[in-house]
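Inspection log for the structure reproduced underneath, given as structure tokens.
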Amino acid sequence: MKKKVYATFAILIVLFSIYYYWQNRYVELRPVILNNDVQRVKVLNRKIVFFQNDFYKIAERNETPSNFYKNIKWVLEREHQEYIVKNGVIYIKYKYMNDYEMIWNHTNKTNDLEWFKSQRSMDSFNGENKKTEELDRIIKGFRN
């Protein structure tokens, strides 16, 4: 009887470890945009149900916002997202990349001049001069 309990406990630990590893592994960050043609409709009890990720899609290279790769590190730092950079490619945890709505918000912020201006005003109010100078450079990049 004890062997069955220990075996079950060991299997649960292994399964939890695999799940934990899978959710916390790092994957490449890709920009997410709105999906204009939502065709994947699920019908359940005569109601049309859209799943959250059905409204978004991973952008192709030609669909990527112009300032995405230039400003994404700044946005990730402001949103307290963990990321790593290897060979110039940004990686975030799988569980975050799987949340298309959050990544879509980050994608929009990389191209939003007003968001950067609001961040600059917060930094200048808080007296963070180094971050204010960095934001000034980013805001200048929008004008060019």
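The values are calculated or read from the model by the stated rules, or taken from the named source; none is laboratory data. For clarity, every value in this text was computed on a predicted model and none was experimentally measured. Cβ coordinates were reconstructed from backbone atoms using ideal geometry, including for glycine residues, and neighbour counts include every protein chain displayed. Only protein heavy atoms, including side chains, enter the accessible area calculation; ligands, DNA and RNA are left aside. Shrake-Rupley method; radii C 1.70, N 1.55, O 1.52, S 1.80 Å.
With respect to the conditions (1) open to solvent by less than 70 Å² (accessible area, probe 1.4 Å); (2) part of a helix (DSSP H, G or I); (3) under 26 Å from residue 56 (Cβ atoms), residue 134 lacks only one, and its number is (3).
Inside region 57-81, can you point out the residues that are open to solvent by 70 Å² or more (accessible area, probe 1.4 Å) and touching a helix residue (DSSP H, G or I) at 6+ places or on another chain (Cβ under 8 Å)? 70 - this is the single residue of region 57-81 that is open to solvent by 70 Å² or more (accessible area, probe 1.4 Å) and touching a helix residue (DSSP H, G or I) at 6+ places or on another chain (Cβ under 8 Å). Given the structure, is residue 124 small (Gly, Ala, Ser), open to solvent by 30 Å² or more (accessible area, probe 1.4 Å) and modelled with pLDDT of 85 or more? Judged against the criteria, residue 124 is not a match.
Across region 82-111, what is the total count of residues that are among the charged types (D, E, K, R) and open to solvent by 60 Å² or more (accessible area, probe 1.4 Å)? Selection size over region 82-111: 4. Residues considered: 56, 83. Of these, the only one that is at pLDDT 90 or above, under 27 Å from residue 119 (Cβ atoms) and not aliphatic (A, V, I, L, M) is 83.
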